[in-house]
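One structure is given below, encoded as structure tokens.
The values are calculated or read from the model by the stated rules, or taken from the named source; none is laboratory data. Every value quoted in this text rests on a predicted model; they were computed, and no experiment measured them. Here Cβ is always computed from backbone atoms with ideal geometry, including for glycine, and neighbour counts include all displayed protein chains. Ligands, DNA and RNA are stripped out before the accessible areas are found, and what is left, the full protein with its side chains, is counted by its heavy atoms. Shrake-Rupley method; radii C 1.70, N 1.55, O 1.52, S 1.80 Å.
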Amino acid sequence: MNVIKSRDVINILKRALNLIDERLINHGERVGYIIYKMMEYENKYSQQEMLDYTISALFHDIGAYKTDEIDNMIKFETRNIWEHSIYGYLFFKYLTPLNDFAETILFHHIDYNKLTKFHSKHEVISSYLNLADRIDVNKISSRDIVPEKFYRLRDIQYSGHALDLFNNAQQKYHILERLEDNSYQEELNQFLEKAVFTSKEKEEFLQMLIYSIDFRSEHTVRHTITTVSVADQLGKLIGLNAKDTYNLHYGALLHDIGKISTPLNILEAPRGLTAEEMKIMKDHVAVSEIILKDYIDEEIVQIAVRHHEKLDGSGYHKGLTADQLTLPQRILAVADIISALYGVRSYKTSFNKDKILSILIKEADKGMISREVVDCVKEFYDTLMENVERDCEEPLQKYAAMNEKYESLYNQFLELI
């Protein structure tokens, strides 16, 4: 079983993140292409190293999705742009198979003459990324090559070696011309398709994508983990076959991916949502389908995007009825409700066992959710929730560690820069 092909891992990341702000992915692609061509000219890196560094460069601004600094970062209206660099580093360090390359992201806004203070083994590529980032942000064209102002900052803001290397690569590969006419995209995509990921690595990349949404708050982290945990357990207790169990797991993992385009003030509203806000929130299901289609197995896609459907047709986003909803889809619908009721929000405490079961039974009595699944929850509720707490422990520790590490790194930057 294969949830996603290796060549589609990068594509789905780009598609999802583009829904937040396409400037960042377009910028990331151009920067990744510059880094790729500089390494190709230098001819001292293996293909795997070139792929790993290029992918890191492609998503070097992923930390901006956790912050409110996208506009300032793109316009470079502020010099204090370390926050997104630190978060990007933490995402890559803790949540991807490219954890060893995370420092290239951490240091990509550090002036070259200060970079040596950090003693990074990725110092050279960080200096390339710093230059490539500024070349794209300054919209340097093939007519300008590299402006004199860059050379006046040689070995101060920019590595002299990186400047010379870029100029040599530009003369050979016509990098800037290809950036101007967008012909770089086909070449970059062909190179990235050479990447081969194991099943574990694919899941880690998908988790990075999910957690780039979830790690904005402890609530959203806990919701995804709880939903996956309950769905996995119910699938086994009800006796799903191996294929359906596998599909249910990934459907649960990806079920809220569309929330990547939901405004943070709605996701984290300190109250119940207004009618207009609820309409926007409900759009996440349709957005999930847009992100997942073509790249993820269709059965998994349908499990993910039908978690708000009801057996009586009163759900969304397509108003499907019982004869159109499979058992794995019904299981995820119940798991999502349990997660929402069990979770803590700023305006509600965690509901207790009796209240959760009462709500589930009432919805089953109305023919809205599966009686079979609810009966299973009633029988095994205590065990289900004990296992949820166990499953939440490691990710929540990671969430806490990332927040603690962020504070430490930010203070370190202030001291050394």
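Values for this structure:
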read-out	value
Protection-proxy order for peptides 47-57, 165-175, 247-257, each taking the mean of Cβ atoms within 10 Å per residue, highest first	247-257, 47-57, 165-175
Estimated inter-spin distance, Lys139 and Asn265, nm [label 7 Å along Cα→Cβ]	2.9 nm
Along each principal axis, Cα extent of segment 259-393, largest first, Å	37, 37, 31
In nm, spacing of pseudo-spin labels at Asp181 and Glu148 (7 Å Cα→C-beta vector)	3.0 nm
Summed residue charge, Cβ within 9 Å of Gln324's Cβ, Lys/Arg positive, Asp/Glu negative	0
The chain - percent relative contact order, Cα under 8 Å, separation 6 or more	17 percent
Gain in span if fully extended, Leu396 to Ser350, counting 0.36 nm per residue against the direct Cα distance	14.9 nm
Extension reserve of the Ser358-Asp323 stretch, reckoned as 0.36 nm per residue once the Cα distance is removed	10.1 nm
Whole-angstrom gap from segment 242-295 to segment 188-206, using each part's C-alpha centre	24 Å
Theoretical gain in end-to-end length, Met278 to Lys172 [0.36 nm per residue, Cα-Cα removed]	32.8 nm
C-alpha long axis of helix 22-42 to longest principal axis of the chain, angle in °	50 degrees
Sequence of Thr274, Thr220, Thr349 from largest to smallest accessible area, 1.4 Å probe	Thr349, Thr274, Thr220
Relative frequency of Cα-Cα separations exceeding 17 Å in segment 82-189, percent	58 percent
Rounded tilt (10° steps) of 199-214 against the dominant C-alpha axis of the chain	80 degrees
Helix 327-342 vs. the chain, principal-axis angle (Cα, 0 to 90°, nearest 10)	80 degrees
Cα-based equivalent ellipsoid, the chain: semi-axes from gyration tensor eigenvalues, Å	44, 22, 18
